[in-house]
1. Tally time: how many residues in the range 138-166 are among the hydroxyl-bearing types (S, T, Y) and in contact with a helix residue (DSSP H, G or I) (Cβ under 7 Å, 6 or more places away or on another chain)?
2. For the subset of the range 33-47 comprising residues that are open to solvent by less than 20 Å² (accessible area, probe 1.4 Å) and charged (D, E, K, R), which member is farthest from the chain's Cα centre (by Cα)?
3. Only one residue in I67, I50 is in contact with a helix residue (DSSP H, G or I) (Cβ under 8 Å, 6 or more places away or on another chain) and crowded, with 19+ Cβ neighbours inside 10 Å, so which one is that?
4. Among the residues that make up the range 144-165, is at least one of them open to solvent by less than 50 Å² (accessible area, probe 1.4 Å) and more than 23 Å from D77 (Cβ to Cβ)?
5. Check every one of the strands (runs of 3 or more DSSP E) wholly within the range 106-200 and list those with 3 or more residues that are in contact with a strand residue (DSSP E or B) (Cβ under 7 Å, 6 or more places away or on another chain), of a type in the set (K, R) and at pLDDT 95 or above.
6. Residue by residue through the range 158-189, note down the ones that are under 16 Å from the mean Cα position of the chain (by Cα), under 14 Å from P141 (Cα atoms) and touching a residue at least 60 places away in the same chain (Cβ under 8 Å).
Amino acid sequence: MSKELITVVTVCFNAGQTIAKTMQSVLNQTYRPLEYILVDGKSTDNTLNIIYELEPLFHEKGIAVRIVSEKDKGIFDAMNKGVKLANGRWVNFMNAGDVFYNDKTIDFVFSHEIPMEVKLVYGDTLRQKSYAVVAAKGNIPEVTPKLMPACHQSMFTDVDELKSHPFDLSYRLSADYNFVYNLYKRGEKMLYIPVNILVG
């Protein structure tokens, strides 16, 4: 059985100090088929230079890349733009400066059996603090009415679901939680997999 296309979206703005490590993390993923979408908010530093410098490496590894650079209305507007361009079955939002736990993260997530009715798959997070790396386990879906079960970088969301219910820009800081909350309230299935996804 052929694997499903996975989309990774990175949104960025003036991320010249951090964008390369995030791109390298995506580049190193062993999972195929994989596509990578970068949505830049019209950076004024060297972010775009770095993006275009690294772009050929993705083509060499068989990863489709799309790059957009234009003004946006904030992170969730940029994430919505990425979703509109996504061709995958699932999408992950890996912010500039964040990285996948290791090179086989996506492979490992999708080596698990995921029922067709599941609309959101998520796992665990490692937070890089100044004093240590702190583990943040993903929570059970039932906590969703009170809090986000995991950060959005540790989630893979059904692309069609996000195209039908894009991030609501009126929630400037919590549009991701608003999306997950409404997904849960609609009775859609969410699946927690105990695997480290993000180091951020």
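1. 1
2. Only one residue tops the list, namely D40.
3. Selected residue: I50, the only one of I67, I50 that is in contact with a helix residue (DSSP H, G or I) (Cβ under 8 Å, 6 or more places away or on another chain) and crowded, with 19+ Cβ neighbours inside 10 Å.
4. Scanning the range 144-165 turns up at least one residue that is open to solvent by less than 50 Å² (accessible area, probe 1.4 Å) and more than 23 Å from D77 (Cβ to Cβ).
5. Per the criteria, no element qualifies.
6. V180
The values are calculated or read from the model by the stated rules, or taken from the named source; none is laboratory data. Because the structure is predicted, anything quoted here is derived from the model rather than measured. When we count neighbours, we look across all protein chains shown, and the Cβ atoms used for this are built from the backbone with ideal geometry, even at glycine. Remember, those area values only see protein heavy atoms, side chains included, never the ligands or the DNA or RNA. Shrake-Rupley method; radii C 1.70, N 1.55, O 1.52, S 1.80 Å.
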